[in-house]
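The values are calculated or read from the model by the stated rules, or taken from the named source; none is laboratory data. In this text the structure is predicted, and so the values were computed from the model without any measurement. Don't worry about glycine lacking a Cβ; one is built from the backbone with ideal geometry, like all the others, and counts go over all protein chains shown. We work out accessible area using only protein heavy atoms, side chains counted, and drop any ligands, DNA or RNA first. Shrake-Rupley method; radii C 1.70, N 1.55, O 1.52, S 1.80 Å.
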Amino acid sequence: MSAWEKLLKQPHPRGHFVQLYEADETALTKNVGLYLWEGLRQGDGVLVIAGQEHQRIFCQHLDSLGTDLATALGSRQLVFWDAQQTLAEIMTGGRPEWQTFESVIRAAMRVVRPAQGREGLRAYGEMVGILWKARQFAAAIRLEQLWNKLLEQSSFSLYCAYSIDLFGKELPVANLDGVLCTHTHLIPAQPDGTLEAALNRSMDDILGSKADALRILIKANYRPGWAVMPAAEAIVLWLRKNLPEQADQIVARSRYHYQTLLQLAIESGLAT
């Protein structure tokens, strides 16, 4: 089990996670499913503020993991709220404001009932993702800041999701700074290290002997104020910001290596 999977199973209080998932919806379902399912299994209350389609997909995944959905929903250990409707309730003049945000979200949290003898709460939210998709970047970051204020006052963990393709050519690197600075951890799409290996192979192909020196530079330039993130995601963000032309080539090539490594894993019986 990877360190990232352990984090999702046992998040620390006030942990604030984020996943950029547009390139891999399946990875989002798997990661969020693990986070929610472990919470339910351990007796935590679980609050999901998501769109209707993700609510359906998450329920299907939880069911496949063995969750008794009827019991969890009936006891209110698991509670779903609609992201679009909830977002509309907390917006004032086109931006989220603390008083309405606190009132609405605390009301949602009071609905949730952890198992008897338990007090833990896990939340998952997509409201920030809705704002980001509408290109309301400042409002999305403001909402993250309000979540952090609430996290400082209460003991729970939070998982956010943005429909952003980390490996796409149109990655808004400048705007992402605010996202990375308001979270504790960036959750990887693939926690097993396969993506990092594919990127390293691609860097060797494109950059040759310069690749090793560049890896050292990337590590040295890591921003302490950013969320803790996997090596693969850190590499892509650095390349997009500092070597945009080579980044396109490296990322495109890494997709080929990634598929090759997955196929090798399947053939060797290591893939799950």
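Per-residue answers, yes or no, for (1) surrounded by 17 or more Cβ atoms within 10 Å (Cβ to Cβ); (2) touching a His at 6+ places or on another chain (Cβ under 6 Å):
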site	(1), (2)
P224	no, no
V228	no, yes
E233	yes, no
V236	yes, no
R240	yes, no
R255	no, no
Y258	yes, no
Practice item. Could you identify the single residue in F80, F17 that is modelled with pLDDT of 95 or more and either among the acidic types (D, E) or surrounded by 21 or more Cβ atoms within 10 Å (Cβ to Cβ) (or both)? Key: F17
Check your understanding: Which of (1) out of contact with any His (no Cβ under 8 Å at 6 or more places or on another chain); (2) surrounded by fewer than 20 Cβ atoms within 10 Å (Cβ to Cβ); (3) part of a helix (DSSP H, G or I); (4) not polar (S, T, N, Q) does K30 not meet, given it meets every other one?
Key -> (1)
Check your understanding: Condition test on S209, is it assigned to a loop (DSSP other than H, G, I, E, B), among the polar types (S, T, N, Q), open to solvent by 20 Å² or more (accessible area, probe 1.4 Å) and over 16 Å from Y21 (Cβ atoms)?
Key -> no
Check your understanding: Pick from A174, A161: which is surrounded by 18 or more Cβ atoms within 10 Å (Cβ to Cβ), small (G, A, S) and touching a helix residue (DSSP H, G or I) at 6+ places or on another chain (Cβ under 9 Å)?
Key -> A161
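Going through the stretch 131-189 one residue at a time, which ones are of a type in the set (D, E, K, R) and either within 17 Å of the chain's Cα centre (by Cα) or assigned to a loop (DSSP other than H, G, I, E, B) (or both)?
Step one: list which residues in the stretch 131-189 are of a type in the set (D, E, K, R), which gives 133, 135, 142, 144, 149, 152, 165, 169-170, 177.
Those that are of a type in the set (D, E, K, R) and either within 17 Å of the chain's Cα centre (by Cα) or assigned to a loop (DSSP other than H, G, I, E, B) (or both): K133, R135, E144, D165, K169, E170, D177.
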**Study point:** Only one of A108, A140 that is without any contact (Cβ under 8 Å) to a residue 60 or more places away in the chain and either touching a Ser or Thr at 6+ places or on another chain (Cβ under 8 Å) or within 28 Å of D44 (Cα to Cα) (or both)
**Key:** A140
